1. Select from the range 231-256 the residues that are under 11 Å from ALA302 (Cβ atoms) and β-branched (Val, Ile, Thr) and list them in ascending order.
2. Those residues that are free of Cβ contacts under 8 Å to residues at least 60 places away in the same chain, crowded, with 20+ Cβ neighbours inside 10 Å and of a type outside the set (A, V, I, L, M), I need them from the range 141-163; list them, please.
3. Taking the residues in the range 164-185 that are touching a Pro at 6+ places or on another chain (Cβ under 9 Å) and in a loop (DSSP other than H, G, I, E, B) as candidates, determine which candidate is surrounded by the fewest Cβ atoms within 10 Å (Cβ to Cβ).
4. If the requirement is being away from the ligand (no atom under 16 Å from the Cβ) and over 18 Å from ALA301 (Cβ atoms), which of these qualifies: ALA126, ALA59?
5. Of all the strands (runs of 3 or more DSSP E) wholly in the range 265-362, which have at least 1 residues that are modelled with pLDDT of 95 or more, more than 16 Å from the ligand (Cβ to nearest atom) and in the same structural domain as GLY209 (by TED's automatic domain parsing)?
6. Output the number of residues of the range 1-51 satisfying the condition of being closer than 21 Å to TRP359 by Cα and in a loop (DSSP other than H, G, I, E, B).
7. So is ALA196 in contact (Cβ under 8 Å) with a residue 24 or more places away in the chain, away from the ligand (no atom under 16 Å from the Cβ) and not aromatic (Phe, Trp, Tyr) or not?
8. I need the full set of residues from the range 230-257 which are in a strand (DSSP E or B) and either polar (S, T, N, Q) or more than 13 Å from the chain's Cα centre (by Cα) (or both), in order please.
Amino acid sequence: MVLVNENFLSLPGNYLFSEINKKVMAFRSRYPDAELIRMGIGDVTRPLAKAVIDAMHQAVSEMSDENTFRGYGPEQGYDFLIKKIIENDFLPRGVNILPEEVFISDGCKSDMGNIGGLFDRENVVAVTDPVYPVYVDSNVMDGRAGQLQASGMWNKVVYLPCTAENGFIPALPDKPADIIYLCYPNNPTGTTLTKAELKKWVDYALETGSLVLFDAAYEAFIAEDTIPHSIYEIDGAKECAIEFRSFSKKAGFTGIRCGYTVVPKVLTVKSAANGKVCLNALWNRRQTTKFNGVSYITQRAAEAVYTPEGKKQCDENSAYYMKNAAIIRSGLKKIGFNVYGGVNAPYIWFSTPDNSGSWHFFDRMLREIHVIGTPGVGFGPSGEGYIRLTAFGSREDTIAAMKRFESWTL
Ligand code: MLT
């Protein structure tokens, strides 16, 4: 008889965005004529940049010719893309990354979910709260989270509350934490950490021997100079951090799938039997065994993001979304909501104006103004009483949604 991985059974019923989808489908079947505006999942709506499309066409042509056809590529990614990543995303910020430290993948979500496989079950995990659900759920699957409490917290996870009261800046853990997940610019709150604030985390990790898993999927939306784009802008971070990047939001690749992970060669963790072990070698071993690389066509598409036209076109799309963010921010503020984020990130986070729970307000928004948001509590207990809206919709929908909020009698 096959025994199941019991950890899966302790997960709550659905992944957050599947749960929302279920509710929306049920609403839709009851009210098929309702004109819904989707501001829930952070999925992009602008078409791919022309430079990206041209590169994909070119790559498809290469695949159709026996002289240029390519089969399996390197599991770690093609050199042409890795070189462009280093030259564009790191060198201009004074960060030297070696080609062997970059691993191209099918996106940040997969890597953030899979990285846990490298670590012992007994490690204590710390997460900011609210948090992107993948970090917690994947640790539940790995058996590292313990039991789910009535509070909505897992008893073995250290939660670092981020609320309006502390300006959404997490305090350093007050109990030992081995693996710390940080996502900045933050999903879901849309807030950021300055270099000085991020330095506290790097110093803490170096001092305590913990590891920071730094999700920088939203770095392309940073507008302010004081905000770091990479954790490696902080001295010493290569000895204590892995960084995850994504083309999903930066270049509209949510449906194409491409991202990358930087695992510095100087980064080590402890093995009871072997002393210090190099995480770069372990991740390489994991990827070569379980992953066959991202398609050539996709990697050529990602390479085109770094051409002058590609940069310009992708930046235009990011600016479009950030204009939406500004419209949402000012629209909600105008009607008296407490609004956060949306300046260096495409997410706007607001507290429910009637002090109701997140799901209650989510339901009201859906029922009364037909706008779909994401309930803050779905991201963790400290998200209770908040709602997240994304700026990734069309301009038309964004403006229409704000009009609906404005004329809504709460
Ligand atoms: C979100 O809405 O939080 C994101 O789109 C989810 C993701 O990037 O996987």
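1. Within the range 231-256, just ILE256 meets the criteria.
2. ARG144, TRP154
3. Among them, the one singled out is ALA171.
4. Within the list ALA126, ALA59, the selection yields ALA126.
5. Result: 268-271, 275-278.
6. Of the residues in the range 1-51, 14 are closer than 21 Å to TRP359 by Cα and in a loop (DSSP other than H, G, I, E, B).
7. Here the answer is no, as ALA196 does not meet what is asked.
8. ALA241, ILE242, SER246
The values are calculated or read from the model by the stated rules, or taken from the named source; none is laboratory data. Bear in mind that the values here come from a model prediction, so they are computed numbers and not experimental data. Cβ sites come from the backbone with ideal geometry, for glycine too, and all protein chains shown count toward neighbours.
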